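Asks: Below are the structure tokens for one structure; questions will follow.
The values are calculated or read from the model by the stated rules, or taken from the named source; none is laboratory data. The structure presented is a predicted model; accordingly, all values stated were derived computationally and were not measured. Virtual Cβ from ideal backbone geometry, glycine too; neighbours counted across all protein chains shown.
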Amino acid sequence: MDRDLISKKELLDTTGISYGQLYRWKRKQLIPEEWFIRKSTFTGQETFFPKDLILARIDKIVNMKDDLSLDQVAGKLSPLLQDYELRKAAFVERNIVSLVAIHQFAGKDPDHTVYSFEMLLYFYVIDKLLQTGEMTMEEGERLLTVLRDHFPKFEGKPCDLIFIRKMGVSSFLLVSSDAHVYFDNGIKIVAKLPMVELIEQLRGKLI
């Protein structure tokens, strides 16, 4: 689940945008704060970005900014598709989530069931973790409950999903992306997933 990163210099060279444009778009919230990743290198501190996400986002901004104001572009790029709905039958046909996951977590829902974007996101996140082989179906059921109960409380603000295990017992946490979380040495962090990145991935598959 490691991300492929691109440095700020590579990003500017590849896209042809300027340093000023990049940070203006950041201030306008067209590019999420958490995509600016500071890392130590042999030359000091440098800024990196999730490669696929930032390149796709900049392409969208460039294509929209001539016809819309930056504030209007920001509205188009809002992380959650608040009004998006999809019937179960269409969701299955688009092969966004494995049939195994759909059968396990939505098997009792009839084909005409309509899912909100958030519900589609929950299935997508669970399937991601199941695909790694690190999470069991039973743990997936508990994760679905955690997401349903607590993800809406963030009201669109960036948060991370942390999957931990200690002595065979697993737990899931949803924390603000800028929060500092510390664990004792006996805890294994199985996965830490920025929800905004998963939202962006799912958006790309749906629209």
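Asks: Quick check on the stretch 77-128: of everything there that is within 16 Å of the chain's Cα centre (by Cα) and at pLDDT below 90, which residue is nearest to Ile207 (Cα to Cα)?
Replies: Leu81
Asks: On the basis of being among the hydrophobic types (A, V, I, L, M, F, W, C), modelled with pLDDT under 95 and touching an Asp or Glu at 6+ places or on another chain (Cβ under 8 Å), does Met167 make the cut?
Replies: Values: among the hydrophobic types (A, V, I, L, M, F, W, C): yes; modelled with pLDDT under 95: yes; touching an Asp or Glu at 6+ places or on another chain (Cβ under 8 Å): no.
In short, no.
Asks: Got at least one residue in the stretch 61-69 being part of a helix (DSSP H, G or I) and without any contact (Cβ under 8 Å) to a residue 24 or more places away in the chain? Before the answer, list the steps.
Replies: Residues of the stretch 61-69 that are part of a helix (DSSP H, G or I), as a first pass: 61-64.
Right, trim to without any contact (Cβ under 8 Å) to a residue 24 or more places away in the chain and you get 63-64.
Yes: the stretch 61-69 contains one or more residues that are part of a helix (DSSP H, G or I) and without any contact (Cβ under 8 Å) to a residue 24 or more places away in the chain.
Asks: Check the stretch 108-117 and report whether any residue there is of a type outside the set (S, T, N, Q), in a helix (DSSP H, G or I) and without any contact (Cβ under 8 Å) to a residue 40 or more places away in the chain. Walk me through it before giving the result.
Replies: First, the residues of the stretch 108-117 that are of a type outside the set (S, T, N, Q): 108-112, 114-115, 117.
Restricting the remaining residues to those that are in a helix (DSSP H, G or I) gives 117.
Then keep just the ones that are without any contact (Cβ under 8 Å) to a residue 40 or more places away in the chain; that gives none.
Within the stretch 108-117, none of the residues are of a type outside the set (S, T, N, Q), in a helix (DSSP H, G or I) and without any contact (Cβ under 8 Å) to a residue 40 or more places away in the chain.
Asks: Also, quick follow-up: Out of all the residues in the stretch 124-133, is one or more part of a strand (DSSP E or B), among the β-branched types (Val, Ile, Thr), in contact with a strand residue (DSSP E or B) (Cβ under 7 Å, 6 or more places away or on another chain) and not assigned by TED's automatic domain parsing to the domain that holds Leu53?
Replies: No; the residues of the stretch 124-133 include none that is part of a strand (DSSP E or B), among the β-branched types (Val, Ile, Thr), in contact with a strand residue (DSSP E or B) (Cβ under 7 Å, 6 or more places away or on another chain) and not assigned by TED's automatic domain parsing to the domain that holds Leu53.
Asks: Any idea how many residues of the stretch 83-97 are without any contact (Cβ under 8 Å) to a residue 60 or more places away in the chain and either assigned to a helix (DSSP H, G or I) or more than 13 Å from Tyr122 (Cα to Cα) (or both)?
Replies: In the first step, residues of the stretch 83-97 are kept if they are without any contact (Cβ under 8 Å) to a residue 60 or more places away in the chain; the result is 83, 85, 87-93, 95, 97.
Checking the rest, the ones that are also either assigned to a helix (DSSP H, G or I) or more than 13 Å from Tyr122 (Cα to Cα) (or both) come to 83, 85, 87-93, 95.
Matching residues across the stretch 83-97 total 10.
Asks: Let me ask something else about it. Any idea which residue in the stretch 32-63 is surrounded by the most Cβ atoms within 10 Å (Cβ to Cβ), counting only those that are aromatic (Phe, Trp, Tyr) and within 18 Å of the chain's Cα centre (by Cα)?
Replies: Phe49
Asks: If I filter the stretch 11-20 for residues that are at pLDDT 85 or above, surrounded by fewer than 11 Cβ atoms within 10 Å (Cβ to Cβ) and at positive phi, do I get at least one hit?
Replies: Yes - at least one qualifying residue is present in the stretch 11-20.
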